[in-house]
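Here's the structure, in structure tokens; my notes come after.
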Amino acid sequence: MSAPRSAPARGGSAIARLAAAIRPVAALILFAVVIAIVLALVLLTLGASPVEVFADLWRGAFGDWLALTDTLVKSTPLIFTGLAVAVAFQGALWNIGAEGQLLIGALAAGAIGPALGGWPHGAAIVAMLAAGAGGGALWGAIAGGLRARREVNEVISTIMLNFVAAQVLSFAVHGPLMEASGAFPASAPIAAAATFDVYLAPSRLNFGMLLAAGLAVACYLGLFHTAAGFQLRALGRNRRASAFFGIPIARMTIGTLALAGAIAGVGGAVQVSAITHRLYETLSPGWGYEAIAVALVARLNPLAIVPAAVLFGALDNGSQAMQRAAGVSPELVYVIQALVILTLLAFDASATGALRAAILGAPAAGPDDPGAPPAALPPAAPIATRDA
Amino acid sequence: MLEARGITRRFARTLALDGVDFHARAGEIHALVGENGAGKSTLIKIFAGRLKPDAGRVTIAGEPLAAGSANRARAAGVAAVYQSPMLFERMTWEENLALAGFGDGTGARDPRAAAARAAALARDLGFVLPPAGATLERRSVADRVRLEIIRALGADPRVLILDEPTGLLAPAELAAFLAMLRRLRGAGRAVVIVTHKLAEAIAVADRITVLRRGRRVAECRAAATDAAELAHLMLGDLASAQRAAPVADARIEGQAVADPGTTDPRCAAPVLTVEALTLDDGARRLLDSIGFTLTAGEIAGVAGVDGNGQAELIEVLAGMRTPGAGRIVMGRADDDASSGGAARSALRSAGGLAVIAQNRDSDGLILDMTLWENILLARPVRTRFTRRGWLQRSRAAAFCGELLERFQIRTATGPAGLAGALSGGNRQRLAVARAMAGAPRVIVAHDIGRGLDLRAAEAVRQMLREFAAAGGAVMLISGDLDELLELCGRLYVLSGGRLIETAAGDRDPARLGLLMAGAAS
Amino acid sequence: MLEAFLSSAIAMAAPILLAALGELIVEQGGVVNIGIEGAMLCGAFFGLTATWFSGSLALGLAAAIGAAVALNALFALVVVNLAVNQVVAGTAIDMLALGLTGICYRRIFGVTGRALTITPMRPLALGPLARIPIVGPALFDQNGLVYLAFVLVPIVGALIWRTRFGLELRAAGERPEAADALGLAVYRLRWQALLMAGVLSGLAGAYLTLAYANTFVEGMSAGRGYVALSVVIVGRWRAWGVAAASLLFGAAMALQFGLQAFGTAVPYQLFLALPYALTIVMLAIVGGQAQSPSALGAPYARL
């Protein structure tokens, strides 16, 4: 967890401060290396040559200008969903529902999009984003409310809501929102006014990426520099103590999941506005779930979400090239994401504490310190904890 | 019977035990005393097989004990009863005993056999067992301790180890308990009691071993020593020993203790008024029409055994729970017409009431966060360092540094260190410092001295005395009569959810003990 | 009409029930296995593949069980021995299963999707009982795995509440530190529970491909594993409660097909969404988790 480390180091030398700042980056680089090793192993077992495949991957992700910009474009939704996951996880709210929240946000935006023809460009964009935020927030708030009022485990409720969201979207594009010709299940195209401008055509770079990065900074500031963010992090680390000190748990639960939903929903709106320009069923290739891996690699730090998302975006982009070249199927990315998560979890585990301390350096130990640095995830409290 | 030589054990960088020898003979009660952090708990965990020593040997009745295995320790005849009984809440008490291997001795874990055997033992001991098939969830702490003791005795142990056993028993049960210990010793066993209550140790034990900072500094016969000398051995310097030698082990000696002499409560201004506070949980009445007034400059005490409403009262005062009825008002009773939930939010926003919870590690501090972040948990402090929603981190950290200075909390890493790295005593000091940092008018603390060594406990008491002298009001909820008699003026007793005010000047520990145990006043 | 509906309801309840019984055992031991969805999926795929290659249903069942157990073993390694966050690990397991089955499916059967059908398991009619009007076919003319599922209900119940294994397992789920202190092998108990659950999830998955639909589609478990998780909660962690809740969801899933016959007025997505929405509603109604093992979901690392 980088919060304590980013607190001003009192009285330390410049070198000590530099070392403390570099440590999270070093951790990130280390994880990238781990991912690469894991990928190589997987490829070897599939009978493909890791070197060739990496080469294809690299070319696919960064090989030329178009590939590079496409990587950034593919990373953008991962930043949004990654933030949605990370912010909630900081409060020990296990938001597995970024997928559904993104879809509903996209749906809301795609629904009003076609009607924004006469609007000024700026206002249309704002309307799209607001619709996305609203839809996603609603979806998140449902799970939040269920948790706060009825103690419904948010893991299950958010997963269920993902499935429901997919059906709602399907219904919409097959029915009420279906485009005029009725030839395929997609919505009418959104108005030109509501479309993001493209920079540097033929690349698909657009404002969405900047928005995402800006949101990441905002989330970081929110989490670590505001009283509300502090309360959320406290809630994630010790629920009982938070209750004792009057932190409004129910409100924070609903508010946080709504916020996370809103962020994911904006991501959905951005996708519609900038890339797809209309709705269809297969809008998301699983960004909401991939976001979990992104959030873990970023160790729940919003600033680190951006490079982590780019990493996974590169993987997604490159894997298409990889598929064409080496015949490795696209489902491989799921396997990779899963292995990344498991490896990171294992790395954080208390059983591997010594290994971790050796690599990352052990922090100053007090008399009672068991010697392990704090893990990336908030402690998983028993599911049946009652909030007094 | 139980002999240990050269026991050494480290935890990361701390040397918890350094070449400790220990010898408890058959047929004797042996007390193990020492400050918190001296290594007592570690040593008995090693005896019970829950920890492995880094060096040294333990033998039971001459046979070496295989280290680090609870099973082997049990098989060798070592039974341990811990301070916080480790029982399974949502399972029945029969299942709990069965799991502990209690039964017909064949090792089969059978709840029915366990129940039968428990009934027999309980008859012998004069204990009352819970109703058949009852889960542990709703049982009182005293019930649980009794079950733990029965469990331990069921294995017919050669060595019985009790870790701070008397803390959780009501004074009335104490005498019976000590008598039982003497009976056990008569059966040729070794009984080892870990305690920090020196007078109890002297009263009941045959021999005493003193640990200080992981080393054995003395082993002597109880008859040959006194509390002052033991304190000196425990602490190592005479001055603090004299200061800390307990004013009262009055429960044992049966003498009344003088009033510390704070201002007569009835003359000063009321700071906190509570009326008819009631809390129900389904059919159970947890708090029964509780009412009291705290005045400026007073330190009031609420004596009682845990499980009689203490935790619930604290939770209501902290605003965690809403009472079914009643009012909490800062100031006089007529200052505020709100009640129930409104009272709760009024309290929170007024910020005049600071609560220090019993279990500081789970309810008071966030061990994973830094010290300055922990300070911010207290709402008045947080409000002070928040401008329009933004946290002023460096100012908060600086303030934390000042607090550490003022309250002499020693840390290696300052405000940016983690709370988990502090020792128990320092954590409690931090909790008290935080409570005072919000400039409250009232502090309510539950078990404030628990688990603290003499030095830290005295430091905390001093902090409270100064707070009261400056005009604040303190309410201490505790099961430790010694602590209460030393610090408090007015005394209440909380028993069965009811708050009973004791007569002014009535400081007879025996009478108070009876009230705590629920006898009619 | 009603006959078909009842028959369908019980048939659809069966895989959920099997998986849920496995999860019940695991949760009584204190572990939450979100990866149950992945285990079912693996069971479904590898069971079908084995049958397709070998022509033997028995081999298919064995392969299904083997695959699910292997996946659960990986989960156990990470969650029990390494004591990591169970929710995130379980989600990763689901992703892993999705990816693995997808890759293998393409590898073996190609993108063209060679007709991957097999001869499914035949239902086992229990003689004259099957001819009782209305309930006969529903109760007595079902696939063997369905009977197994319901027969297992009292067996699993007895396992948990009346055996020594069950007692120790529940202790491990209630307070693993205390259980450890008493000398119970918490790690081994949880491993055993997860392996048992693997067998049951494998059978559940096998039912999907070998008995119900005689083919495989990517992601075919379609959230049934998550429904099984909810069923354990709604069933208040008791075997008969789990059975009742499974039937409820089975009925909801059966409605999909029943009501579609009523015409296209109601969109089919509603029916597809119904089980998931129902899950949420049931959880909301049932509310708190006060009857679960106290340490459910908390990673436990032996000191």
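The single condition among (1) under 20 Å from C:Leu98 (Cβ atoms); (2) surrounded by 24 or more Cβ atoms within 10 Å (Cβ to Cβ); (3) not acidic (Asp, Glu) that A:Gly286 does not satisfy is (2). Among the residues examined, B:Ile366 does not qualify as assigned to a loop (DSSP other than H, G, I, E, B), more than 7 Å from chain A (Cβ to nearest Cβ) and at negative phi. Conditions first: (1) at pLDDT 95 or above; (2) of a type in the set (A, V, I, L, M, F, W, C); (3) under 15 Å from C:Ala301 (Cβ atoms). C:Val153 passes all but one, so which condition is the exception? That leaves (3) as the condition not met.
Consider only pairs whose beta carbons are under 7 Å apart and that are at least six residues apart or on different chains; among these, list those whose first residue lies in the stretch A:293-314 and is more than 13 Å from chain C (Cβ to nearest Cβ) and whose second residue is assigned to a loop (DSSP other than H, G, I, E, B). Final answer for the pair search is A:Asn301/A:Ser2; A:Ala304/A:Ala298; A:Ile305/A:Ala298; A:Ala308/A:Ala298.
Checking the stated criteria, A:Val168 turns out to be within 14 Å of another protein chain (Cβ to nearest Cβ), in contact (Cβ under 8 Å) with a residue 12 or more places away in the chain and closer than 16 Å to A:Gly265 by Cα. Do you know which residues across the stretch B:62-80 are within 12 Å of chain C (Cβ to nearest Cβ) and over 22 Å from C:Val186 (Cα atoms)? Matches in the stretch B:62-80: none. Of everything listed in (1) surrounded by fewer than 20 Cβ atoms within 10 Å (Cβ to Cβ); (2) under 16 Å from the mean Cα position of the chain (by Cα), the single unmet condition for A:Ile275 is (2). Taken as a whole, the stretch A:239-258 holds at least one residue that is free of Cβ contacts under 8 Å to residues at least 12 places away in the same chain, surrounded by 24 or more Cβ atoms within 10 Å (Cβ to Cβ) and not in a helix (DSSP H, G or I). Each residue in the stretch B:367-379 was checked for being farther than 14 Å from B:Gly401 by Cβ and either hydroxyl-bearing (Ser, Thr, Tyr) or crowded, with 24+ Cβ neighbours inside 10 Å (or both), and 2 of them qualify. B:Leu287 meets the conditions (1) in contact with a strand residue (DSSP E or B) (Cβ under 7 Å, 6 or more places away or on another chain); (2) farther than 19 Å from A:Phe244 by Cβ in every case but one. The failed one is (2).
Candidates are the residues of the stretch B:399-441 that are more than 7 Å from chain A (Cβ to nearest Cβ) and without any contact (Cβ under 8 Å) to a residue 12 or more places away in the chain; the one that is surrounded by the fewest Cβ atoms within 10 Å (Cβ to Cβ) is B:Glu405. Test B:Leu178 against the criterion of being surrounded by 16 or more Cβ atoms within 10 Å (Cβ to Cβ), touching a residue at least 40 places away in the same chain (Cβ under 8 Å) and under 22 Å from the mean Cα position of the chain (by Cα), and give yes or no. Answer is no for this residue.
Being at pLDDT 85 or above, surrounded by fewer than 22 Cβ atoms within 10 Å (Cβ to Cβ), on the phi < 0 side of the Ramachandran plot and among the hydrophobic types (A, V, I, L, M, F, W, C) holds for only one residue in B:Ala469, B:Ala445, and it is B:Ala469. Within the stretch B:13-51, the set of residues being out of contact with any strand residue (DSSP E or B) (no Cβ under 6 Å at 6 or more places or on another chain) and within 14 Å of chain A (Cβ to nearest Cβ) comprises B:Arg13, B:Thr14, B:Leu15, B:Glu35, B:Asn36, B:Gly37, B:Ser41, B:Leu51. Given the structure, is A:Trp119 away from chain C (no Cβ under 14 Å) and assigned to a loop (DSSP other than H, G, I, E, B)? So A:Trp119 fits the description; yes.
Note on the stretch A:204-245: among residues that are among the small types (Gly, Ala, Ser) and under 16 Å from the mean Cα position of the chain (by Cα), the one that is nearest to the other protein chains (Cβ to nearest Cβ) is A:Ala218.
Taking strands (runs of 3 or more DSSP E) as the structural unit, those lying wholly within the stretch B:266-343 and holding at least 1 residues that are exposed (fewer than 15 other Cβ atoms within 10 Å of the Cβ) and either modelled with pLDDT under 85 or not hydroxyl-bearing (Ser, Thr, Tyr) (or both) correspond to B:270-281, B:284-295, B:325-330. Considering the stretch A:174-215, the residues that are in a loop (DSSP other than H, G, I, E, B) and among the polar types (S, T, N, Q) include one that is farthest from A:Arg278 (Cα to Cα), namely A:Ser203.
The values are calculated or read from the model by the stated rules, or taken from the named source; none is laboratory data. Not measured: the values here are computed from a predicted model. Positions of Cβ are generated from backbone atoms using ideal geometry, with glycine treated the same way; all protein chains shown enter the neighbour counts.
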